[in-house]
Amino acid sequence: MAKPADWTSGVEAILYQSCGACGGVQYFRRGFCAVCGSDTLQERRASGEGTVYATSQVARAATPETRAHVPYNIVLVDTSEGFRMMAHGATSLKIGDAVTARFARFAGRLVPYFEKVT
Ligand SMILES: [Zn+2]
């Protein structure tokens, strides 16, 4: 399979896979559906909308490149498409907040960054 044109390759998009057989959705790319095993998967672009499932503040930089960003927030978001993803988010986010994704630079890389819907 070709490398997806999403944020992991510097493109401002969040992609997921949708199963043509059972309708299951998954964020991590696989050659088959994790629910039913079918290989009739479609690549889809997520809206970037969702709800905060969990949030955790990182106060200690893991690498020298991320030191300038501390403290930052890592969130788990339940997307409106039905898959859960980990991403960066505003430090004010709380569990249950409705959020939307934009893209930001973090330690030189493009990353999804969630903010509260106002
Ligand atoms: Zn399936």
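Things worth noting here:
- Only a single criterion out of (1) open to solvent by less than 60 Å² (accessible area, probe 1.4 Å); (2) within 16 Å of the ligand (Cβ to nearest atom); (3) under 25 Å from Glu115 (Cα atoms); (4) free of Cβ contacts under 8 Å to residues at least 12 places away in the same chain is not satisfied by Gly23, namely (3).
- Residues of region 57-68 satisfying the condition of being open to solvent by less than 60 Å² (accessible area, probe 1.4 Å) and not aliphatic (A, V, I, L, M): Thr63, Thr66
- For Ala5, the criteria (1) within 30 Å of Ile95 (Cβ to Cβ); (2) assigned to a loop (DSSP other than H, G, I, E, B); (3) out of contact with any Lys or Arg (no Cβ under 7 Å at 6 or more places or on another chain) hold in every case but one, which is (1).
- Meets criteria (assigned to a loop (DSSP other than H, G, I, E, B), surrounded by 12 or more Cβ atoms within 10 Å (Cβ to Cβ), of a type in the set (S, T, N, Q) and within 16 Å of the ligand (Cβ to nearest atom)) for Ser18: no
- Selection count where residues are within 23 Å of Ala5 (Cα to Cα), assigned to a strand (DSSP E or B), open to solvent by 30 Å² or more (accessible area, probe 1.4 Å) and touching a residue at least 24 places away in the same chain (Cβ under 8 Å), scope region 79-105: 4
- Residues of region 37-55 that are within 16 Å of the ligand (Cβ to nearest atom), assigned to a strand (DSSP E or B) and farther than 16 Å from Asp6 by Cα: Leu41 alone.
The values are calculated or read from the model by the stated rules, or taken from the named source; none is laboratory data. As the structure is a computational prediction, the values presented were derived from the model and not from experiment. Ideal geometry is used to build each Cβ from the backbone, glycine not excepted, and the neighbour counts take in all protein chains shown. Keep in mind that these areas ignore ligands, DNA and RNA; they rest on the heavy atoms of the full protein, side chains included. Shrake-Rupley method; radii C 1.70, N 1.55, O 1.52, S 1.80 Å.
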